[in-house]
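To start, the structure under review is shown below, and the notes come after it.
The values are calculated or read from the model by the stated rules, or taken from the named source; none is laboratory data. Since the structure is predicted, the reported quantities are computational estimates derived from the model, not experimental observations. Cβ placement follows ideal geometry from the backbone for every residue including glycine, while neighbour counts extend to all protein chains displayed. Accessible surface areas use protein heavy atoms only, side chains included; no ligands, DNA or RNA. Shrake-Rupley method; radii C 1.70, N 1.55, O 1.52, S 1.80 Å.
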Amino acid sequence: MIIKLLKSAIYSSIFLAICFTVTIVYFLNLLPNYESLENYKPNVMSRVHAADGKLIREFSREYRIFIPIEDIPENVKLAFIAAEDKNFYTHYGVDLMGILRAAINNTANIFTNKRPQGASTITQQVAKNFFFSDELALSRKIKEALLAIKIESALEKNRILELYLNQIYLGSGAYGVGAASNRYFSKNLHELSISDSAYLAALPKAPNNYHPVRNYEIALNRRNWVLAKMLKNDFIKQDIYELEVQKPIDHNIKRYASKFTSDYYLEEIRRRVIDLFDEADLYGGGLSIRTSLDTESQSMAIKSLQKGLKRYDKRHGYRGVIANYDQDNWLDYAKKNFKIPEDYLFARVQSFAGKDVVVEIDNSKLKFFDNDAILSIDEYRWARKYISDYYIGPKINNPNDVFNVNDLIYISIDKENRLILEQIPKINGAIVVMDPYSGRVLALSGGFDFKLSNFNRASQAKRQPGSAFKPFVYLSALENGLKPNSLILDAPFVVDQGEKLGKWKPENYGKKFYGPTPLRKGIENSRNLMTIRIAQYLGMNKVSEIADRSGIMNNMPEVLSMSLGAGETTLLNLTSAYSSFANGGLKVEPVMIDRIQDRRGKNVYKFNFGECALCQQPFLSEAPNPQFKSSFKQIFNSVESFQIVSMLQGAVERGTGRRTKINGLEIAGKTGTTNSNTDAWFIGFTSDIIVGVYAGFDKPSSLGKTETGSSVAVPIFKEFISNYYLDKRNIPFKIPQGIELIRTDIDTGEIKSNQINSKTIYEAYRKNDKLLSNKKTLVGKDGFQIIQIDETVGSDEFVIY
């Protein structure tokens, strides 16, 4: 009997061994190829930095910062080992004692409803995280254990730990300890305290359950449990434990929500990086992208644009409240049904208190208001009823003129915590701020609010620049022999366009004519008729060529209307073209990305600004100064570029841009307004910065009879430039060699070397030019030479110089 039982036991053991072997062999054949772990490159987010190194955006599908094992602090490693796998450095992938301990404890816990204990090692978790799903199945656990053993035989322990600490999900969208440290504490790993490290190690089992805001007490208990494990395993000493366990979870979880409000700029960066590389590199390649963005200038540009657009919109009247809603859930209703700009709040009219309005506001973003607040009449007096683009209703004297109880409205809060009635502007626009010498785009905003519209009006909207194009016509005139004091006839101009097309009769703004006028005043006062005569004299082929040369537009049709800015371009291209005036004639391109590095810090893209001879030499007092050679092409002569700068200074001092004038600042610039006052432009610059502004409706229509570049775009420029130079020094424009400044009568163009009065200015001439004088020695009407340019236009159509 005993022999029979012994035989049965032997056969059963053999059978079980065979079954076990077959099972192992079966599952071994199902295992994935773990060799990919040796060359593992995780999806790592790309980080975008401003010019000063400040982090402004992260692009990723998984928020991860890969940290090599040698750069992970010991406290972080020990915290995770204590919490997840205390025998990590001694087992071979599977912890048999851990499995036995978990089985005993789970059996004892069957009747207590306690959460079952796991026995997965860190290596098993690596196998699961990389190759398996979270399916609760015995087959998965078998494969996981077998693969863990194979991984242990192939990889070093530190490599396994590196994979684990960089791959594991730790909640709040963070993958790996590097990203979690940044997200929860806004710290680098080396800045974490022991208690911070313990909190991160508490997260792998159930990160949502241990959220430091929603479940603070539970999270704190779990963190202290990890600290106790570290103490028990002699990873920390008793006095350290007692100190760290008393600390709160000093999280900074909400900071990551928004890095910087520069969405139009960053969307342009996103597109450019994808064009340079591909989408996978941007969202998973761990790129470090250093941009040209200046955060201070960007903030000022956004505020200046928004303020200018709101100012225009408010003077054209109030288009009414959002809605009227009398239910208690008004805020949820408003958020669900209506868009709201970034800096606006929803409010509901509660009652009237004399001329003031008591409103209930969305207090979720505010801490200094009760639910009810006061909107004073001074902050809604502007809300005269919008009737049309040209008419608004009567003045506001009482709340009843504007509001009813339960009206939903938009408000904003100013620096003095005053409530201001707002509406979303119909008008939109863009602003670009550049360094004219390098082309670096320091700031860019392509609209009033990115949340409302992500269409970038700085780089994507092609609109007619109007008179803002004229300086390029005048530059071509200078290149072809005309001078700043050449006289151009400002008189009626008529072109027969052909059968059934009628006559083209361009006019000046104001519909006046000024007779023979110095070329300079054609720019300063934006004279259409003078500009057309210059274009006719030069030939439109030359105007088209300079538009192409400067990068404004290619293949410009050679028709006279194009000289008045009837072609289409973008604000970014036009601002870049104006840079050539400020920098002495170099053609710059808009640079938004200075350099890109891969995840290992190697430069994979770097913009070529030029070369600097001797820059690598050590400083010696007797050594020659380093010479920088720009990579940009010289497209204009520096003398003629400065002559245009001088004329554009005159436009600011005396002409269409005079609203721009700021005492103590040397500013040059040109307004632009298109037919029917549809688009408004101003491109202005100092010696070290250039700013382009565009404003108009997305669906082109008139801005109003009296609205021009001077009234709409110039205030935006002035708001920005005033704030920009609050703590900066303005340097005068550099006068190039070859320029001679001679006193000249601004109205007649005559040389007045010995006269200094309000009618004379220092005009910029090319040295050794043959200049006009007041002696009238030249042949022609009134002593000036006359050249007829086209007899078919009329006997009185002349360029006079």
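A residue that is open to solvent by 10 Å² or more (accessible area, probe 1.4 Å), of a type outside the set (D, E) and touching a residue at least 12 places away in the same chain (Cβ under 8 Å) cannot be found anywhere in region 468-477. Meeting the requirement of 2 or more residues that are open to solvent by 50 Å² or more (accessible area, probe 1.4 Å) and of a type outside the set (G, A, S), the strands (runs of 3 or more DSSP E) wholly within region 282-362 are 345-353. Going through (1) touching a helix residue (DSSP H, G or I) at 6+ places or on another chain (Cβ under 7 Å); (2) at pLDDT 95 or above one by one, N573 falls short only on (1).
Screening region 565-587 for residues that are open to solvent by less than 10 Å² (accessible area, probe 1.4 Å) and part of a loop (DSSP other than H, G, I, E, B) and picking the one that is farthest from K734 (Cα to Cα) gives G567.
In the set (1) open to solvent by 10 Å² or more (accessible area, probe 1.4 Å); (2) touching a strand residue (DSSP E or B) at 6+ places or on another chain (Cβ under 9 Å); (3) closer than 24 Å to T123 by Cα, the condition left unmet by L231 is number (2).
Residues that are among the polar types (S, T, N, Q), surrounded by 18 or more Cβ atoms within 10 Å (Cβ to Cβ) and not in a loop (DSSP other than H, G, I, E, B) within region 377-431 comprise just one, N428.
Looking at N480, N456, just one residue is in contact with a helix residue (DSSP H, G or I) (Cβ under 8 Å, 6 or more places away or on another chain) and either buried (at least 23 other Cβ atoms within 10 Å of the Cβ) or among the small types (G, A, S) (or both), and that residue is N456. Taken as a whole, region 172-181 holds no residue that is open to solvent by 70 Å² or more (accessible area, probe 1.4 Å), closer than 30 Å to E296 by Cβ and in contact (Cβ under 8 Å) with a residue 40 or more places away in the chain.
Note on region 160-206: residues that are hydrophobic (A, V, I, L, M, F, W, C) and either within 30 Å of the chain's Cα centre (by Cα) or more than 28 Å from L147 (Cα to Cα) (or both) total 10. When we screen I81, I56 for residues that are farther than 18 Å from A228 by Cβ, in contact (Cβ under 8 Å) with a residue 60 or more places away in the chain, not basic (K, R) and not in a loop (DSSP other than H, G, I, E, B), the only hit is I56.
If you scan region 529-570, which residues turn out to be polar (S, T, N, Q) and over 20 Å from N637 (Cβ atoms)? Within region 529-570, T531, Q536, N554, N555, S561, S563, T569, T570 qualify. Would you confirm whether or not region 160-179 contains a residue that is outside any helix (DSSP H, G or I) and farther than 23 Å from I122 by Cβ? No, there is no match, as no residue in region 160-179 is outside any helix (DSSP H, G or I) and farther than 23 Å from I122 by Cβ. Across region 396-449, the number of residues qualifying as aromatic (F, W, Y) and under 20 Å from the mean Cα position of the chain (by Cα) comes to 1. Which residues, counting only those in region 182-204, are open to solvent by 30 Å² or more (accessible area, probe 1.4 Å), without any contact (Cβ under 8 Å) to a residue 40 or more places away in the chain and farther than 19 Å from L243 by Cβ? Once the filter is applied, which keeps residues that are open to solvent by 30 Å² or more (accessible area, probe 1.4 Å), without any contact (Cβ under 8 Å) to a residue 40 or more places away in the chain and farther than 19 Å from L243 by Cβ, region 182-204 yields only N188. When every residue of region 214-236 is checked against the conditions, none turns out to be assigned to a helix (DSSP H, G or I), closer than 24 Å to L55 by Cβ and touching a residue at least 60 places away in the same chain (Cβ under 8 Å). Between residues in region 445-462 that are closer than 10 Å to L571 by Cβ and residues that are open to solvent by 60 Å² or more (accessible area, probe 1.4 Å) and not polar (S, T, N, Q), which pairs lie under 6 Å by C-beta distance while being six or more apart or on different chains? Listed by first residue and then by second, the contacts come to K462/E568. Going through (1) within 23 Å of K426 (Cβ to Cβ); (2) open to solvent by 60 Å² or more (accessible area, probe 1.4 Å) one by one, Q246 falls short only on (1).
The residues in region 522-540 that are open to solvent by 10 Å² or more (accessible area, probe 1.4 Å) and within 38 Å of the chain's Cα centre (by Cα) can be counted, and the count is 5. Quick check, is E507 among the charged types (D, E, K, R) and within 38 Å of the chain's Cα centre (by Cα)? No; evaluated as a whole, the condition is false for this residue.
Out of all the residues in region 495-513, is one or more out of contact with any His (no Cβ under 6 Å at 6 or more places or on another chain), within 30 Å of K426 (Cβ to Cβ) and either among the charged types (D, E, K, R) or crowded, with 21+ Cβ neighbours inside 10 Å (or both)? Give the steps one after another, and end with the answer.
Quick first cut of region 495-513, residues out of contact with any His (no Cβ under 6 Å at 6 or more places or on another chain) only: 495-513.
Those left that are additionally within 30 Å of K426 (Cβ to Cβ): 506-511.
Checking the rest, the ones that are also either among the charged types (D, E, K, R) or crowded, with 21+ Cβ neighbours inside 10 Å (or both) come to 507, 511.
Yes, there is a match, as at least one residue in region 495-513 is out of contact with any His (no Cβ under 6 Å at 6 or more places or on another chain), within 30 Å of K426 (Cβ to Cβ) and either among the charged types (D, E, K, R) or crowded, with 21+ Cβ neighbours inside 10 Å (or both).
Scanning region 739-767 for residues that are surrounded by fewer than 17 Cβ atoms within 10 Å (Cβ to Cβ) and without any contact (Cβ under 8 Å) to a residue 24 or more places away in the chain returns R743, S753, N754, Q755, I756, N757, S758, K759, Y762.
As for region 181-194, it holds no residue that is over 22 Å from P68 (Cα atoms) and of a type in the set (D, E, K, R). If I go through region 548-564 residue by residue, how many of them are open to solvent by 30 Å² or more (accessible area, probe 1.4 Å) and either part of a loop (DSSP other than H, G, I, E, B) or in contact with a Phe, Trp or Tyr (Cβ under 9 Å, 6 or more places away or on another chain) (or both)? Looking only at that region, the number is 9.
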